[in-house]
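Readers should treat all values here as calculations from the given coordinates under stated rules, not as data from a laboratory. Keep in mind that what you see is a predicted model, and the values were worked out from it rather than measured. Backbone-built Cβ (ideal geometry, glycine too); neighbour counts: all protein chains shown.
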Amino acid sequence: GVQVLDFGPERIEDVAVVTGSGADWLDEAVDVGADVLVTGEGKQKVYHEAKEAGISVVLAGHYATETFGVRSLVGLAEEWGLETTYVDEPTGI
């Protein structure tokens with residue numbers, strides 16, 4: 001399931017996305033003025049760091065965040081006339 005650390009502003013305007021295990025990039029998301037960081041999984045320290053920085057964090061699953069980009073490329077590749085096959089093999093992570 002998705003976990004949300006709701007420490008940011010009520011109105012979200014800027015979103016930082018780091019696929020997979022991207023909690024180590026929280027400082028960079030704060031530095032660019034993001035209201036929320038969407039990533040796959042976090043470390044325990046991200047809770048306190050996000051709370052102190054006033055940024056929300058969405059932990060949406062490692063596998064789920066790493067596949068949406070690849071799936072969007074399928075459409076682009078097909079526009080170029082390439083035949084594609086996407087194999088969905090969830091890991092449970």
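In the chain, with Lys and Arg counted as +1 and Asp and Glu as -1 at Cβ, which of these residues, VAL58, GLN44, VAL32, has the Cα nearest the positive end of the dipole, that is, farthest along it?
GLN44
Run the numbers for GLU52 and TRP25: contour at 0.36 nm per residue of separation, minus the present Cα-Cα distance, in nm.
8.2 nm
What residues have an amide H closer than 5 Å to that of VAL17, excluding those fewer than 5 places away on the same chain, when H is modeled at 1.01 Å from N in the peptide plane?
VAL38
222 nm [θ] for the chain, helices only, -39500 (n - 2.57) per DSSP H run of 4+, per residue, to 500? Intermediate values should be presented prior to the final figure.
Numbers: 3 runs with 33 residues, N = 93.
The helix-only estimate for the chain comes to -10500 deg cm²/dmol at 222 nm.
In degrees from 0 to 90, rounded to the nearest 10, what is the angle of the helix 62-79 Cα long axis to the longest principal axis of the chain?
40
In the set [x] 44; [y] 52; [z] 70, which value of percent of Cα pairs over 17 Å apart was calculated from the structure you see?
Given [x] 44; [y] 52; [z] 70, the structure-derived one carries the label [y].
Over the chain, calculate the relative contact order: mean separation of alpha carbon pairs under 8 Å at least 6 apart, over the residue count, as a percent.
It rounds to 30 percent for the chain.
If a paramagnetic tag sat 7 Å from the Cα of LEU76 along the Cα-Cβ line, which residues of the range 24-57 would have the backbone N under 19 Å from that point?
Under 19 Å, as judged by backbone N against the label point of LEU76, lies no residue of the range 24-57.
Considering only the chain, what is the antiparallel percent among its DSSP beta bridges, to the nearest 5?
25
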